[in-house]
Amino acid sequence: AWLELISDGYSAERTALENLRKGIMPPESGRLHNYFSDWIGAQMRTPVHGMLAPGNPALAARLAADDSVVSHSNNGVLGGVFNALLTSLAFTETDVRELLKKAIDMLPHDSEYYEVVNSTLKMCESGSEWESVWAACEEKYKEYNWIHAYPNAAAEVVALWYGRMDFDETCRIIAMEGQDVDCTAAPVLNTLGIMVGLDKIREGWITPIGDVVLTTMRRLQELKIDELCRMTAESVRSGVRASGKKGIFEIW
């Protein structure tokens with residue numbers, strides 16, 4: 001599917017495509033000769049798996065891992081899992097700080113990725129202002145590229161914690177932190193948008209975007225946001241039907 005739909009990529013994704021063209025299949029495609037395997041590529045694209053598994057973080061994590069290993073490995077895969085957990089839990093949690101704690105606790109505790117997000121959470125719990133906490137994170141992770149998963153994961157935790165369920169304030173914080181901002185703002189505001197609903201988001205964030213998405217894929221080069229939402233929701237319904245369950249499904 002990647003070779004059929006995706007013409008090119010950057011860093012980890014480009015390496016993965018080169019591996020796939022040589023017949024090297026996942027998970028080796030995300031590992032072999034891949035200097036970028038811990039970067040943000042998986043982390044930035046996996047919130048959709050939380051929407052495919054609303055309120056079912058175990059399934060969201062599995063779907064995200066299956067996706068992530070195409071182009072990433074190790075902590076790069078855990079980055080993908082983390083953002084899927086956030087969006088899945090957003091359907092059932094009502095407090096963003098409790099959501100953060102639960103998502104972080106679901107990660108493997110013996111992983112370096114867990115240490116990154118958990119230590120950032122601890123700093124947030126004891127710090128009064130996001131600026132000082134973020135300054136400490138910047139110093140701690142200064143050796144990592146700005147597209148690496150670690151500093152960007154820390155930025156997500158800080159923005160969600162100090163945004164206090166306020167969409168505008170959360171957006172301001174995630175933007176001011178810098179790093180790979182489009183790839184951190186998207187999952188953070190996706191998570192918060194699910195929690196607060198469209199009626200709590202200003203029209204200024206919605207109307208200017210319109211309803212058309214343009215892509216660089218070989219197919220689906222232009223589609224409507226409404227249609228994309230319909231496709232996503234239908235995938236969830238298909239999962240429910242396939243499992244024979246009613247409501248939130250337990251297995252895919």
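For region 140-157, name all the residues that are of a type in the set (S, T, N, Q) and crowded, with 24+ Cβ neighbours inside 10 Å.
To start, the set of residues in region 140-157 that are of a type in the set (S, T, N, Q) comprises 145, 152.
Hit for region 140-157 is ASN152, nothing else.
Condition first: surrounded by 10 or more Cβ atoms within 10 Å (Cβ to Cβ) and in contact with a strand residue (DSSP E or B) (Cβ under 9 Å, 6 or more places away or on another chain). Can you find one or more residues in region 196-211 that meet it?
yes
Count, please, the residues in region 189-238 that happen to be polar (S, T, N, Q) and farther than 27 Å from LEU100 by Cα. Don't jump to the end; show me each part of the working.
In the first step, residues of region 189-238 are kept if they are polar (S, T, N, Q); the result is 190-191, 207, 215-216, 221, 232, 235, 238.
Add one more test, that the residue is farther than 27 Å from LEU100 by Cα, and what stays is 207, 215-216, 221, 238.
So the count comes out to 5.
Output yes when any residue across region 45-52 is out of contact with any Ser or Thr (no Cβ under 7 Å at 6 or more places or on another chain) and within 13 Å of HIS72 (Cβ to Cβ), and no when none is.
yes
Using the structure shown, decide if PRO108 is touching a residue at least 40 places away in the same chain (Cβ under 8 Å) and not aromatic (Phe, Trp, Tyr).
On the way: touching a residue at least 40 places away in the same chain (Cβ under 8 Å): no; not aromatic (Phe, Trp, Tyr): yes.
So PRO108 does not fit the description; no.
Filter region 71-106 down to the residues that are crowded, with 20+ Cβ neighbours inside 10 Å and farther than 18 Å from LEU189 by Cα and list them by number. Talk me through it step by step, then tell me what you get.
Applying the first criterion (crowded, with 20+ Cβ neighbours inside 10 Å) to region 71-106 yields 71-73, 75-90, 93, 96, 99-100, 103-104.
Listed by number, the residues that qualify are SER71, HIS72, SER73, ASN75, GLY76, VAL77, LEU78.
Is there a residue in region 8-25 that is farther than 20 Å from ALA149 by Cα and modelled with pLDDT under 95?
Yes, region 8-25 contains at least one residue that is farther than 20 Å from ALA149 by Cα and modelled with pLDDT under 95.
Got a sec? Which of LEU160, LEU192, LEU220 is in contact with a helix residue (DSSP H, G or I) (Cβ under 8 Å, 6 or more places away or on another chain), at positive phi and surrounded by 11 or more Cβ atoms within 10 Å (Cβ to Cβ)? Show your work before the answer.
Details: LEU160 fails: at positive phi; LEU192 fails: at positive phi.
So the residue among LEU160, LEU192, LEU220 that is in contact with a helix residue (DSSP H, G or I) (Cβ under 8 Å, 6 or more places away or on another chain), at positive phi and surrounded by 11 or more Cβ atoms within 10 Å (Cβ to Cβ) is LEU220.
For region 67-119, what are the residues that are in a loop (DSSP other than H, G, I, E, B) and either touching a Cys at 6+ places or on another chain (Cβ under 7 Å) or not hydroxyl-bearing (Ser, Thr, Tyr) (or both)? Give the derivation first.
Here is the first cut: in region 67-119, the ones in a loop (DSSP other than H, G, I, E, B) are 69-74, 91-95, 106-111.
Residues satisfying the conditions are VAL69, VAL70, HIS72, ASN74, PHE91, GLU93, ASP95, MET106, LEU107, PRO108, HIS109, ASP110.
Anything in region 1-59 that is β-branched (Val, Ile, Thr) and open to solvent by 20 Å² or more (accessible area, probe 1.4 Å)? List them, or say none. If you could, list the steps in order and put the result at the bottom.
Residues of region 1-59 β-branched (Val, Ile, Thr): 6, 15, 24, 40, 46, 48.
Hits for region 1-59 are ILE6, ILE24, VAL48.
Considering region 60-70 alone, what residues qualify as being among the hydrophobic types (A, V, I, L, M, F, W, C) and open to solvent by less than 10 Å² (accessible area, probe 1.4 Å)?
If we filter region 60-70 for residues that are among the hydrophobic types (A, V, I, L, M, F, W, C), which is where we start, we get 60-61, 63-65, 69-70.
Residues satisfying the conditions are ALA60, ALA64.
Considering only region 127-137, I want to know if a residue exists there that is open to solvent by 20 Å² or more (accessible area, probe 1.4 Å), out of contact with any Pro (no Cβ under 8 Å at 6 or more places or on another chain), without any contact (Cβ under 8 Å) to a residue 40 or more places away in the chain and within 18 Å of TRP39 (Cα to Cα). Even if it seems obvious, please write down each step before you answer.
Looking only at region 127-137, we keep the residues that are open to solvent by 20 Å² or more (accessible area, probe 1.4 Å), and these are 127-132, 135-136.
Remaining after also requiring out of contact with any Pro (no Cβ under 8 Å at 6 or more places or on another chain): 127-132, 135-136.
So of that shortlist, the ones also without any contact (Cβ under 8 Å) to a residue 40 or more places away in the chain come out as 127-129, 131-132, 135-136.
When the remaining residues are screened for being within 18 Å of TRP39 (Cα to Cα), the result is none.
Looking through region 127-137, none of the residues is open to solvent by 20 Å² or more (accessible area, probe 1.4 Å), out of contact with any Pro (no Cβ under 8 Å at 6 or more places or on another chain), without any contact (Cβ under 8 Å) to a residue 40 or more places away in the chain and within 18 Å of TRP39 (Cα to Cα).
The values are calculated or read from the model by the stated rules, or taken from the named source; none is laboratory data. Because the structure is a prediction, the values reported are computed rather than measured. Please note: Cβ atoms are built from the backbone with ideal geometry, for glycine as well, and neighbour counts cover all protein chains shown. With ligands, DNA and RNA removed, areas are computed over all heavy atoms of the protein, side chains included. Shrake-Rupley method; radii C 1.70, N 1.55, O 1.52, S 1.80 Å.
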